[in-house]
Amino acid sequence: MNKTIKLLEKLSNGHGPTGFEGQIRQIIREEITNPEISIDTDGLGSLICKIEKDKQSPKIMLSAHMDELGLMVRYITEEGFIKFQTLGGWLDQSIVNQRWIIMTKSGNIKGVTGIKTVHVMTETERKQIFPKDNLFIDVGAKNKQDAEERLGILPGDPISPDSSFEFLNSDNLLLGKAWDDRVGVALLIETLNSLDSKKLPNNVFGSCTVQEEVGLRGAITSSYTIAPDININLEVGVAGDYPGMNPNLAQEKVGAGPSIFLHDSSMIPNLKLRDFCIDTAKNLNIPIQFSVISGYGEDGAAAQKSFGGIPAINIGIPTRYLHSHNGIIDLNDFIKAKMLVKNLVENLDETTVKSIKSFD
Ligand SMILES: [Zn+2]
């Protein structure tokens, strides 16, 4: 258990904004300890982990994305403030008054997104949202030259949220950044580490993808690299259990078990695969939740549309406050999801895969 928490902490604290996933790639290489697993990368940087049984057996692809929402240095003002490009779907008000890490060639530089103080705002300004294009990061530089030469900041440097993992007043609620999708990455790592090729009726691939937050880019290339028969995508679920949310928006509750997505704006899952997941959870006595939401997007959608079409499903860990510096998940949901995913993988034999792939 301790090991699981340590892994979640390491992955949440790790910095890997979209397009700059190197640090997370490194963590995964360290944490995949099953000697049967070989690790490679595709041409875009996604990690392809593999337990190969034989060439004839079906190929099952687990996937999870390594990247997190971030920013990128656009330019430095003459006064030494950092203007930025957003990487991924930020809400403007989630960017204001936060701490950030600018990942320069020579190391991490701290910064903060400030806005003008309330003391000098007009009545209208106090009610307004500050659009991201007007924001900047203050790194304490004297001027542009100081930011470039002393701090080593350059256009194109990635910027990651600065927010540390901690327990939230309990021993099961975990507070941290980047659960989207490091919780999926942790699930993928622990599932792969628990597998034994002698007990597998298939070849298992773990695809840790890059650049999901800007359009599932890594999932496209890794799906074509692996050519799976089935894709099980591991993601954050959307919790709807806090003020301002309601079941019309999102149905999941943190702590009530992993979720199966029945609809999001990018994908409708394969129905036989959906039923296989529901039956497996029932047999294992794992409580599951369903998610029907109108927004969202996930890597399963890219896998589903690769080649001639591939059965895919998205399994979620309910998460509060997605796409911000502070998300909340429940360790118990993670543990149940791990049991479910391991069993799904171990039971996807040739006959089951054939039946899932058939529309007869
Ligand atoms: Zn995600």
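Checking the conditions here, which among 276, 359 is assigned to a helix (DSSP H, G or I), among the hydrophobic types (A, V, I, L, M, F, W, C) and away from the ligand (no atom under 15 Å from the Cβ)?
After ruling out the rest, the residue left standing is 276.
Suppose we keep only residues that are out of contact with any Ser or Thr (no Cβ under 8 Å at 6 or more places or on another chain) and without any contact (Cβ under 8 Å) to a residue 60 or more places away in the chain within region 241-262. Which one would you say is farthest from residue 172 (Cα to Cα)?
248
Report every pair of residues separated by at least 6 positions or lying on different chains whose Cβ atoms are under 6 Å apart, first residue within region 183-212 and outside the structural domain of residue 233 (by TED's automatic domain parsing), second more than 16 Å from the ligand (Cβ to nearest atom).
none
Away from the ligand (no atom under 16 Å from the Cβ) and of a type in the set (Ser, Thr, Tyr), is that true of residue 163?
yes
For region 188-221, give me the residue count where each residue is touching an Asp or Glu at 6+ places or on another chain (Cβ under 6 Å), closer than 19 Å to residue 269 by Cβ and part of a helix (DSSP H, G or I).
The qualifying residues number 2.
For residues in region 212-244 being of a type in the set (D, E, K, R) and closer than 23 Å to residue 88 by Cα, which is farthest from the ligand (Cβ to nearest atom)?
217
Can you say whether residue 271 is farther than 22 Å from residue 222 by Cβ, assigned by TED's automatic domain parsing to the domain that holds residue 247, of a type in the set (A, V, I, L, M, F, W, C) and free of Cβ contacts under 8 Å to residues at least 24 places away in the same chain, as far as the supplied structure shows?
So residue 271 passes the test.
Restricting to region 284-295, count the residues that are free of Cβ contacts under 8 Å to residues at least 40 places away in the same chain and over 23 Å from the mean Cα position of the chain (by Cα).
Residues flagged as free of Cβ contacts under 8 Å to residues at least 40 places away in the same chain and over 23 Å from the mean Cα position of the chain (by Cα) within region 284-295 amount to 1.
Given the structure, is residue 197 closer than 18 Å to residue 347 by Cβ and surrounded by fewer than 20 Cβ atoms within 10 Å (Cβ to Cβ)?
yes
Quick one: residue 119 ticks every box in (1) loosely packed, with under 13 Cβ neighbours inside 10 Å; (2) in a helix (DSSP H, G or I); (3) not assigned by TED's automatic domain parsing to the domain that holds residue 149 except a single one, so which number is it?
Of everything listed in (1) loosely packed, with under 13 Cβ neighbours inside 10 Å; (2) in a helix (DSSP H, G or I); (3) not assigned by TED's automatic domain parsing to the domain that holds residue 149, residue 119 misses just condition (3).
Across region 38-59, what is the total count of residues that are in contact (Cβ under 8 Å) with a residue 60 or more places away in the chain and either in contact with a His (Cβ under 7 Å, 6 or more places away or on another chain) or within 20 Å of residue 303 (Cβ to Cβ) (or both)?
The number of residues fulfilling the criteria is 14.
Just need a number here: residues in region 242-271 that are in a loop (DSSP other than H, G, I, E, B), within 11 Å of residue 290 (Cα to Cα) and in contact with a Lys or Arg (Cβ under 8 Å, 6 or more places away or on another chain).
So the count comes out to 2.
Sort out which residues of region 31-47 are buried (at least 16 other Cβ atoms within 10 Å of the Cβ) and of a type in the set (D, E, K, R), and write them in order of number.
Those that are buried (at least 16 other Cβ atoms within 10 Å of the Cβ) and of a type in the set (D, E, K, R): 31, 36, 42.
The values are calculated or read from the model by the stated rules, or taken from the named source; none is laboratory data. This structure is a prediction, so every number in the text was calculated from the model and none was measured. FYI the Cβ positions are ideal-geometry reconstructions off the backbone, even for glycines, and counts take in every protein chain you see.
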